[in-house]
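Let me begin by presenting the structure, written as structure tokens, before commenting on it.
The values are calculated or read from the model by the stated rules, or taken from the named source; none is laboratory data. Computed from a predicted model, the values in this text were never measured in an experiment. Glycine also receives a Cβ, built like all others from the backbone with ideal geometry; neighbour counts cover every protein chain displayed. Areas reflect the complete protein model, heavy atoms only, side chains present, ligands, DNA and RNA absent. Shrake-Rupley method; radii C 1.70, N 1.55, O 1.52, S 1.80 Å.
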Amino acid sequence: YQDKITLLLGNHDIHYIWAKEAGVSTRFSIKNAMEYMCYFYEHKSCFQVAHTEIINAKIHLFTHAGINSKWLSHNNLKLDIFRILQTLNSLSQTSEGRTILSQIGAVRGGKSPAGGPFWSDFAYELNSGNQKIDALIYQVVGHTHSTNTNRIGRYAACLDCERAFVLDKNTGKIKVWK
């Protein structure tokens, strides 16, 4: 189903495949680490950092936690809307790129000024003026847990709230799946 399903890496996945660059987070399972590492290695071609869909002339960028202008600026990354997917996924191919992708912002207890696509915080880094990285990009993320369903905004949607959602590819509307 690789042509129909995209599996995105999340912050609790990357320490099993990029231990050197991502470090170990609080949810690292020593008991299951070898099994998880083998699984990710065996299926690494199934996982991506980012995915895009073009809907209503707007790029919908899917990542675990989102990208924000502060993180882009801190890492001297230029936003090219036509190559954003290639840029994010190609960073995962080098140690330096994986270190950049794995940055944890200060708001999440990290040492970087802003979190990358695995550690951005929706409330502080995506929904506080840094949310609009480009008028033609709509971000769809998870990561920042909430039980509130009303986090579907003008420039981004955070869908980590214990519910399944549907994105209508014809209209671009996101709604709770029933």
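How large is the translational diffusion coefficient of region 34-178 in µm² per second when you combine the Kirkwood radius over alpha carbon pairs with Stokes-Einstein at 20 °C and 1.002 mPa s?
136
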Completion exercise
Any residue on another chain or 5+ positions along whose placed amide H is under 5 Å from the amide H of Gln48 is listed here as Leu7, Leu8, Leu9
Problem - Cα-Cα over 22 Å, subset of Lys4/Lys169; Lys20/Lys44; Lys44/Lys111; Lys44/Lys175 - result: Lys44/Lys111; Lys44/Lys175
Practice task
On the full set of protein chains, 1.4 Å probe, figure out the accessible area of Lys44 and give it in Å² to the nearest 10.
Solution key: 120
Exercise for the section: Considering only protein heavy atoms, with the full assembly of protein chains and a 1.4 angstrom probe, order Arg27, Arg108 by accessible area, largest first. Expected result: Arg27, Arg108
Exercise for the section: Give me the percent of DSSP beta bridges within the chain that run antiparallel, rounded to the nearest 5. Expected result: 50
Practice task
Provide the gained length on full extension for the span Val107 to Gln93, in nm with one decimal, where the gain is 0.36 nm per separating residue minus the Cα-Cα distance.
Solution key: 2.3 nm
Completion exercise
Between Ser45 and Lys20, the FRET efficiency computed from the C-beta separation at R0 = 25 Å comes out, to the nearest 0.05, as 0.75
Handout entry: Solvent-accessible area per residue, Å², over the chain with all protein chains present [probe radius 1.4 Å]
Key = 58
Practice task
Divide by every residue of the chain the summed helix terms, -39500 (n - 2.57) for each DSSP H run of at least 4, and state the resulting mean residue ellipticity at 222 nm, rounded to the nearest 500 deg cm²/dmol.
Solution key: -5000 deg cm²/dmol
Handout entry: Separation of the Tyr155 and Asn170 label points, Cα + 7 Å toward Cβ, nm
Key = 3.0
Problem - Which of Ile133, Ile14 is most accessible, then next, and so on - probe 1.4 Å - result: Ile133, Ile14
Problem - Protein-only accessible surface order, largest first, of Tyr36, Tyr16, Tyr155, Tyr41 at 1.4 Å - result: Tyr41, Tyr36, Tyr155, Tyr16
